[in-house]
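The values are calculated or read from the model by the stated rules, or taken from the named source; none is laboratory data. Everything numeric here is computed off the predicted structure, so don't read it as measured data. Every residue, glycine as well, gets a Cβ built from its backbone with ideal geometry; the counts of neighbours run over all protein chains shown. Remember, those area values only see protein heavy atoms, side chains included, never the ligands or the DNA or RNA. Shrake-Rupley method; radii C 1.70, N 1.55, O 1.52, S 1.80 Å.
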Amino acid sequence: RNTNNLGFEGTYIGPEDDATGNTIDLITHKSGFKVVYLSKMGLNDMRGYLADVTNIFSENGVSIEHDTTGVDGVAIAVESGANLEDVIRDLREKNMVDGDGISVDENKSFICMVGNNINTNSAVYGTVGSTLASHNIGMQPFAGSRTSIPIAIPASFELDALRYLHREFFGTAK
């Protein structure tokens with residue numbers, strides 16, 4: 001996982017970068033997360049909603065590792081050891097969710113595809129999704145960047161998912 005320690009178990013460097021976004025240079029992973037799903041109708045029209053939500057996490061001492069948003073929902077990944085009792089109470093008290101619009105998925109791992117401009121290549125998204133789906137592994141895409149595409153998966157499938165993705169993108173299973 002550490003690019004400063006390439007010999008670390010699990011680190012695999014793929015083909016040379018061709019600068020077109022057509023290759024994944026490496027796949028990283030980290031386990032030990034839970035994902036909090038929030039549901040609120042019309043949140044996309046609510047100015048400052050995400051800032052208010054992240055402030056509630058911060059005020060309760062919970063660091064956000066990853067987040068992603070949709071029209072009526074937000075998914076926030078936090079470390080597995082995070083105590084969410086006060087966060088959930090505050091989210092409800094401040095009307096940040098609809099009714100029972102909070103759920104928490106425990107035991108999640110993140111896998112991240114890394115490469116130059118890969119977020120512009122829809123084939124990468126499709127290949128990741130179809131590869132995992134063909135092995136009945138569900139995934140939750142998270143907001144990435146120009147160089148990364150992170151997904152959350154059930155931790156129990158982490159090693160298998162890594163093998164399948166390595167085989168698909170690099171022709172080998174590490």
**Study point:** Net charge contributed by nearby residues that have their C-beta within less than 11 Å of Asn55 (K/R +1, D/E -1)
**Key:** -2
Review point. Counting Lys and Arg as +1 and Asp and Glu as -1, what is the net charge of the other residues whose Cβ lies under 14 Å from the Cβ of His66?
Key: -1
Practice item. Tabulate in residue order the Karplus-calculated ³J(HN,Hα) for the stretch 94-100, using 6.51 cos²θ - 1.76 cosθ + 1.60 with θ = phi - 60°, rounded to whole Hz; enter x for Gly and Pro. Key: 8, 6, 8, 9, 8, x, 8
Practice item. Please give the length that would be gained between Asp105 and Thr54 if that part of the chain were fully extended, namely 0.36 nm times their separation in residues minus their C-alpha to C-alpha distance (nm, one decimal). Key: 16.5 nm
Revision key, fill the gap. Regression test value, accessible area per residue of the chain, probe 1.4 Å, units Å², expected 53 Å²
